[in-house]
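The values are calculated or read from the model by the stated rules, or taken from the named source; none is laboratory data. Being a predicted model, the structure only gives us computed values, none of them experimental. As a convention, Cβ positions derive from the backbone with ideal geometry for all residues, glycine included, and neighbour counts pool all protein chains shown. These area figures cover heavy atoms from the full protein model, side chains too; ligands, DNA and RNA do not enter into them. Shrake-Rupley method; radii C 1.70, N 1.55, O 1.52, S 1.80 Å.
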Amino acid sequence: MALLEVEDLVVQFYTENGVVRAVDGISYEIRAGETLGLVGESGAGKSVASLALLRLIESPGEIVSGEIRFRGRNVLELSADELRALRGDEIAMVFQDAGAALNPVYTVGEQIAEAIRAHEAVTDETARDRAIDLLERVGIPDPAARYSDYPHEFSGGMQQRAVIAMALSCDPALLVCDEPTTGLDVTVQAGLLELLADLARESETAIQLVTHDLGVVAELCDRVLVQYAGEIVERAPIEELYYDPKHPYTVGLLASVPRVGDGRERLTTIPGTTPDLVDPPTGCRFHPRCPYAEDVCAKHHPELVETESGAPDDGDFETHAAACLEYTGDLEDGLDYEVQVRDGANGDRHERTTSGDPR
Ligand code: SF4
């Protein structure tokens with residue numbers, strides 16, 4: 001059984017300009033111990049989908065419909081006490097801005113110890129010892145001494161490690177990381193990614209990783225969901241997504257990643273911008289930006305369906321699926337493109353040619 005099952009989740013925000021459907025009917029699962037990436041441009045609804053898991057959507061937003069089942073229980077029906085127990089104990093979150101997540105007037109160690117005491121009846125001494133252990137586990141040097149440091153005495157990378165330590169303090173089964181490495185320099189970023197990968201391996205903690213960075217996803221994830229304009233447009237195991245992307249949006253995202261030595265003078269971009277979710281495009285939401293769009297694309301909304309290379313969907317969610325009319329048989333001319341993608345894990349170039357570069 002999946003650890004987390006999200007089914008047909010819809011989250012709306014009520015604004016002066018109208019109702020924004022930030023998350024529009026997404027469904028996915030996460031198994032115990034796996035790392036799932038959620039990628040897409042800003043405004044795709046990735047962070048909103050993650051906040052919804054812990055019912056952290058605030059007014060003027062609202063979870064309108066759908067189900068979020070964690071270990072079989074519907075999170076949307078939990079009482080306030082049950083929800084408090086779920087947060088931290090079973091699902092923990094790591095946000096992008098570690099500085100904002102830490103209280104500047106308490107020491108880092110005390111904040112981790114407080115998180116432990118909030119969920120478990122332990123003595124102050126035990127909480128302190130465990131906080132020091134956690135600081136060591138996330139790679140803070142001389143953790144006993146650094147326990148008494150205030151957040152401003154930590155670097156940005158160390159602050160993010162401290163926040164991860166706090167998130168791990170109650171040994172959650174699922175860690176939701178929202179752009180955890182954005183804004184950090186590349187060496188610090190690499191260290192944090194290694195830390196998350198080690199943690200996932202050692203403690204079998206499942207991770208939902210929200211990012212716009214395809215390189216980060218390649219380093220860490222087992223499977224990927226590509227989100228566009230509030231919907232999931234592609235779902236695939238990591239290698240399939242990089243070597244054989246199916247949705248034109250994913251192809252565009254991969255083509256826009258700069259690569260050393262590929263001889264391009266200009267970066268490839270996806271034309272246009274993400275749509276206004278108050279009044280999204282009819283049919284396929286990507287059609288105004290899609291170089292392969294046909295008339296039918298503005299009329300029919302494509303569902304997420306298994307692609308040719310995906311195994312039949314018999315409950316095994318490790319299949320390859322895309323929301324494009326090509327895979328429902330409704331596209332007359334068919335997709336026809338060439339992609340050059342790099343395996344982010346080892347840097348090898350892989351080419352797949354079907355013709356023409358995505359414009
Ligand atoms: S359905 Fe049409 S517009 Fe949408 S991604 Fe496929 S080809 Fe492009």
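The table below lists the values:
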item	result
Candidate set from the range 251-270 (those that are of a type outside the set (Val, Ile, Thr) and without any contact (Cβ under 8 Å) to a residue 40 or more places away in the chain); member that is least open to solvent (accessible area, probe 1.4 Å)	Ser256
Output for the range 102-122, where each listed residue is in contact with an Asp or Glu (Cβ under 7 Å, 6 or more places away or on another chain) and open to solvent by 20 Å² or more (accessible area, probe 1.4 Å)	Thr107, His119
Scope the range 208-258; condition of a type in the set (Val, Ile, Thr), at pLDDT below 90 and over 21 Å from Gly191 (Cα atoms); matching residues	Val257
Some residue of the range 293-301 being at negative phi, in a helix (DSSP H, G or I), open to solvent by 50 Å² or more (accessible area, probe 1.4 Å) and within 16 Å of the ligand (Cβ to nearest atom)	yes
Helices (runs of 4 or more DSSP H) enclosed by the range 131-250 - at least 3 residues per element that are touching a residue at least 40 places away in the same chain (Cβ under 8 Å) and not assigned by TED's automatic domain parsing to the domain that holds Leu325	156-168, 186-203, 214-220
Top-ranked residue in the range 58-95 [being part of a loop (DSSP other than H, G, I, E, B) and farther than 23 Å from Gln160 by Cα; ranked as most open to solvent (accessible area, probe 1.4 Å)]	Glu58
Residues of the range 1-24 that turn out to be surrounded by fewer than 17 Cβ atoms within 10 Å (Cβ to Cβ) and under 25 Å from Glu306 (Cβ atoms), as a count	3
